[in-house]
Amino acid sequence: MSVTRPQTVRRPRVTEDRAADLLSVALELLREVGYEALTMDSVAARGRCSKATLYRLWGGKPQIVASALRAARPVETAAVDTGTLRGDLVALARLAGGQVAQDTPLIAALAHAALHDPELAEALQESLLTPDELGVFVERAIGRGELPESPAAARFLPQMFFAGCFTRHLFENTFADADYIVEYIDAVIMPALTGATR
């Protein structure tokens, strides 16, 4: 008596381009409805894929949101290398400045949601600028002799950079642009890292 074995269903592999499209859909929906109202069902419907595919690729809503934010970055920090510490920070500011107006409400909403969602908080910490990522700028500066050693302020470089980008609206009712962030770098970040005053 022969036993008929069930056939294994092979799921088609999701290409990098298709995954990028789905992350764009997730970010688009996130901007439209906010984090709380965003669902994997809605991403699957607009992205014309199965919800199972989304869970297989990203695990859940916090992870797909974090991945969508990372994918939307204008450039990875490791790719920024101008030859000077200030130049690297300014280049990053120039790249980030064009997105601040549309990203400020989104970042504010996600920060609030993360207060009540540890899984989202953890996912965001892994997708936003980290000390290790920006630490590359500092390490290169040490190697070039711009800094004698890693300054204590280097630990707070992501917080300083984010503050320059996303808190202006709170205090001045307008959004930061590239010129504002560069001014902030010269007045706050560079003195904190180098100990020099203007």
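The values are calculated or read from the model by the stated rules, or taken from the named source; none is laboratory data. Predicted, not measured: the structure shown is a model, and the values here were computed from it. Ideal geometry is used to build each Cβ from the backbone, glycine not excepted, and the neighbour counts take in all protein chains shown. SASA here: full protein model, heavy atoms, side chains in, ligands and nucleic acids out. Shrake-Rupley method; radii C 1.70, N 1.55, O 1.52, S 1.80 Å.
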| field | Average accessible area per residue (Å²) across the chain - probe 1.4 Å, nucleic acids and ligands excluded | value | 59
| field | Estimated [θ] at 222 nm from DSSP helical runs (n ≥ 4, -39500 (n - 2.57)) normalised by residues in the chain, nearest 500 | value | -19000 deg cm²/dmol
| field | For the chain: relative contact order, % (alpha-carbon pairs under 8 angstrom, 6 or more apart) | value | 21
| note | For region 18-104 the mean separation of alpha carbon contacts under 8 Å (6+ apart) over residue count, i.e. relative contact order in percent, is 26
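Can you give the local net charge around residue 131? Use residues other than it whose beta-carbon is closer than 13 angstrom to its beta-carbon, Lys and Arg +1, Asp and Glu -1.
Net charge in that neighbourhood comes out at -3.
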| task | Express the carbon and sulfur contribution to the solvent-accessible surface of region 38-135 as a percent, rounded to the nearest whole number, probe 1.4 angstrom. | result | 57
| note | Candidates 113, 141, 79; GNM for the chain (alpha-carbon contacts under 10 Å) flags as most fluctuating 79
| note | Scoring only Lys, Arg, Asp and Glu (+1, +1, -1, -1) among other residues with Cβ under 12 Å from the Cβ of residue 67 yields +2
